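Please treat every number below as a calculation from the coordinates, not as lab data. Not measured: the values here are computed from a predicted model. Every residue, glycine among them, receives a Cβ derived from its backbone with ideal geometry; neighbour counts consider all protein chains shown.
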Amino acid sequence: MNISFWPPRLICFGSFVGDVLSAGLIFGVLSILPCSAQEQPYPTGPVRFIVGAPPGGPIDVAARLLAQYIPAILKQPTIVENKPGAGGIVATRTVATATPDGLTVLSAANSLLATEKANSEAGYYVERDLLPVLSIGWTPNVIVAAPALSVSSLKQLIEFARQHDLNYGTLGSGTTTHLMTEYLFRDVAHVNIQHVAYPGSAPALQAVAGNQLDLAIVAMIAAVPLIQAHQIKALAVTSNRRVASLPDVPTLAEAGYPGNDYVTWVGFFMPSATPERISHSFARAALQAIATDEVHEKLGALGFEVETTSGEQFKEQVSAELDHWGKVVAQTGIKAE
């Protein structure tokens, strides 16, 4: 099986091509969204961003950045609530069962989709229970190693793993990083490295930095500060090209494993019954916030590529990826624990 996840909107999805927009075209989306979305005031009350991970990961960073700008645009306060656990299931259920009034928003990554397919008891169906509102961009994942581990490249890691018992951490069983890394190690490189589930990127990275965990595979946006501080070692990024914030770190293809690229996108969802007027208002406000130089600079410094997909295009992307992850789960046989 040859799995590639690059670019995030254009591959692995048959004939589907999503509406990918770079920063320079964000205002084009703003003009496309119906003006009626702005004709009525946004519902009154705090806008709660529900994050299915501890602070520090990509979905948390994205939610907190938007939460700084949304109040001035929607004229409502914002709250970021971290609800880690069960690979994001706790947070997803919270939003899926919330009142559809635009005041409860899920900040999530594509692991949301993989978890549904890998866990028969997830308790939600994205297409039934959630409304995809907007994805704001993507970040590569990165394979990092503990400072005490005597390897400095992915090739050395694979050879070392043939002779030693190692473990690697992800955000949970059945998540995208678990599925793809297990495939890479077990089916492509033919080594057995034990998987350890963590509630989020930050605790997994802390374990690697403290030499309690050999490896972690996480979204790069969470790992860059520790890599640049030389507290952990970066072995490879999972995009098909090197990234500016880690120019010396090779891609999987450069490390000898082409065709296995995958990235983590971040998007926002509301309860499925949320009126279109409200979801469009939120999308317009989010796009306006994303278009600021400050947000771009902050996200770019962490290796985040700002590319937005909204409305029907985002719904189509989610549907196509759900189908894709269903096939990956069937082919790998991996289920959430």
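Quick notes
- Estimated inter-spin distance, Ala229 and Glu276, nm [label 7 Å along Cα→Cβ]: 4.7 nm
- Each label was represented as a point 7 Å from its Cα along the Cα-to-Cβ direction; for Ala148 and Lys75 these points are 5.8 nm apart.
- Those lysines that a straight Cα-Cα span of less than 22 Å connects to Lys155, excepting residues fewer than 8 apart in one chain: Lys233
- Computed about the Cα centre, the dipole magnitude for the chain is approximately 240 debye when only Lys and Arg (+1) and Asp and Glu (-1) carry charge, each at its Cβ.
- Measuring r between the beta carbons of Arg241 and Lys298 and using R0 = 22 Å, the FRET efficiency lands at 0.50.
- Between 0 and 90°, nearest 10: helix 276-290 axis offset from the chain longest Cα axis: 60 degrees
- Cα→Cβ-extended label distance, 7 Å offset, between Tyr125 and Lys155, nm: 4.9 nm
- Candidate lysines - alpha carbon under 24 Å from Lys327, same-chain residues fewer than 8 apart omitted: Lys117, Lys315, Lys335
- Percent of beta bridges antiparallel (DSSP, the range 140-237, rounded to nearest 5): 60 percent
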